[in-house]
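The values are calculated or read from the model by the stated rules, or taken from the named source; none is laboratory data. Note that the coordinates shown come from a computational prediction; the quantities given were computed from them, not determined experimentally. Glycine gets a Cβ as well: all are built from the backbone with ideal geometry, and neighbour counts include every protein chain shown.
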Amino acid sequence: MERDEFGAAVRQLRERTAPTAVGLPVGRRRVQGLRREELGELAGMSADYVRRLEQGRSHPSVGVVNAIARALRVGRADYERLCALAGYAAADGRVPNEIGPGAMRLLERFTDTPMFISDAAMNLVAVNSAFLALRHWNLNGDPWEWNIAWRTFCAPFDGFQQSAADATDHQAVLVARLRAAVLRYPADVSLAALVDEMRTRSRLFDTVWRAPRSVTAYESSAAFLHPDGYAVTLVGSLLAIPGDDLGALLLTAAPGSADEARLAEIVDDAGPPAIIKVGQAGPG
């Protein structure tokens, strides 16, 4: 860690924090955001120490990082960034699963496109009614029945079919995201339990986990088999929502294709658009 990187991050956060956001009066100010003295008072340290931190002349302890994060009331993403720049894991290390405004806007604006929002551990946290209209996601009572990686490797869907090439791409993305999540959230008990159970239950997952495949594309095609007997082929495209550490998967059909027409019928039959919060994080 370069000390000036942590210091620059603290200064940037301090200067963009409105006094009213941390309970301070605005008053007459010559600087943007908070003064060093104000941050020091809120965090329980001297203004001179804040200056040394920002100038890269002092290395922060875990307690100092946490105190600054609390004082500035930063969000999860900024807190993890401060921890990483200081060389520490986040204090609690749990995978966040709150749906922020960005994720909600996606679900609200693409009502005719099957979509789900997942956390870093690949647990689904929200879906739209268009996604449920595909009727392939059957619930089986497993602790991780809403986890896309678990359902792919350990409890596959009957109504979901992929070519060998698409399946390989899909598996590579899931394993890469889980490996990244384990590094970012080392203290998440449920995530660790999920990975351990998947390595025990699925030889394929264990093989790919030990020798990860390169991710060549963050999308793959699949045929969704409807209970009424017909199939619709859709391409799943993964979008990152960095601020909340969430991902959005959108399922679309080829423009002008029979699949596009069939998908429109399926979504129309589903009734009024809706957003449904779902998911379980497994035991632990």
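Scanning the stretch 220-242 for residues that are out of contact with any strand residue (DSSP E or B) (no Cβ under 8 Å at 6 or more places or on another chain) and either surrounded by 15 or more Cβ atoms within 10 Å (Cβ to Cβ) or on the phi > 0 side of the Ramachandran plot (or both) yields a single hit, Gly229. Could you go through the stretch 89-96 and let me know if any residue there is touching a Pro at 6+ places or on another chain (Cβ under 7 Å) and not hydrophobic (A, V, I, L, M, F, W, C). Yes. Only residues that are outside any helix (DSSP H, G or I) and surrounded by 12 or more Cβ atoms within 10 Å (Cβ to Cβ) were counted in the stretch 2-17, giving 2. Applying the set (1) surrounded by 17 or more Cβ atoms within 10 Å (Cβ to Cβ); (2) among the aliphatic types (A, V, I, L, M); (3) touching a residue at least 60 places away in the same chain (Cβ under 8 Å) to Ala253 leaves exactly one unmet item: (3).
In the stretch 83-117, which residue that is modelled with pLDDT of 90 or more and of a type in the set (Asp, Glu) is farthest from Ala181 (Cα to Cα)? Checking each candidate, the answer is Asp112. Among the residues making up the stretch 33-64, those that are modelled with pLDDT under 90 and among the β-branched types (Val, Ile, Thr) are Val62, Val64.
Residues of the stretch 192-225 being over 16 Å from Arg151 (Cβ atoms) and within 17 Å of the chain's Cα centre (by Cα), which ones? Ala192, Tyr218, Glu219, listed by residue number.
Under the condition of being part of a loop (DSSP other than H, G, I, E, B), surrounded by 20 or more Cβ atoms within 10 Å (Cβ to Cβ) and out of contact with any Gly (no Cβ under 6 Å at 6 or more places or on another chain), the residues counted in the stretch 138-171 number 0. Evaluate the following for Val195: is it at pLDDT 90 or above and either among the polar types (S, T, N, Q) or more than 23 Å from Val127 (Cβ to Cβ) (or both)? Yes, satisfied. Listed here are the helices (runs of 4 or more DSSP H) enclosed by the stretch 172-271 that have at least 1 residues being of a type in the set (Phe, Trp, Tyr): 203-210. So, of the residues in the stretch 67-122 that are on the phi > 0 side of the Ramachandran plot and touching a helix residue (DSSP H, G or I) at 6+ places or on another chain (Cβ under 7 Å), which turns out to be surrounded by the most Cβ atoms within 10 Å (Cβ to Cβ)? Among those that are on the phi > 0 side of the Ramachandran plot and touching a helix residue (DSSP H, G or I) at 6+ places or on another chain (Cβ under 7 Å), it is Met122.
Among the residues of the stretch 47-66, those identified as within 27 Å of the chain's Cα centre (by Cα), surrounded by 15 or more Cβ atoms within 10 Å (Cβ to Cβ) and of a type in the set (A, V, I, L, M) are Val64, Val65. Just one of (1) over 28 Å from Ile99 (Cβ atoms); (2) surrounded by fewer than 13 Cβ atoms within 10 Å (Cβ to Cβ); (3) β-branched (Val, Ile, Thr) fails for Thr20. It is (1). Listed conditions (1) touching a helix residue (DSSP H, G or I) at 6+ places or on another chain (Cβ under 7 Å); (2) in contact (Cβ under 8 Å) with a residue 12 or more places away in the chain are all met by Asp259, apart from (1).
What's the number of the only condition in (1) more than 30 Å from Arg105 (Cα to Cα); (2) touching a helix residue (DSSP H, G or I) at 6+ places or on another chain (Cβ under 9 Å); (3) surrounded by fewer than 16 Cβ atoms within 10 Å (Cβ to Cβ); (4) in contact (Cβ under 8 Å) with a residue 40 or more places away in the chain that Ala217 fails to meet? Checking Ala217 against (1) more than 30 Å from Arg105 (Cα to Cα); (2) touching a helix residue (DSSP H, G or I) at 6+ places or on another chain (Cβ under 9 Å); (3) surrounded by fewer than 16 Cβ atoms within 10 Å (Cβ to Cβ); (4) in contact (Cβ under 8 Å) with a residue 40 or more places away in the chain, the one that fails is (1).
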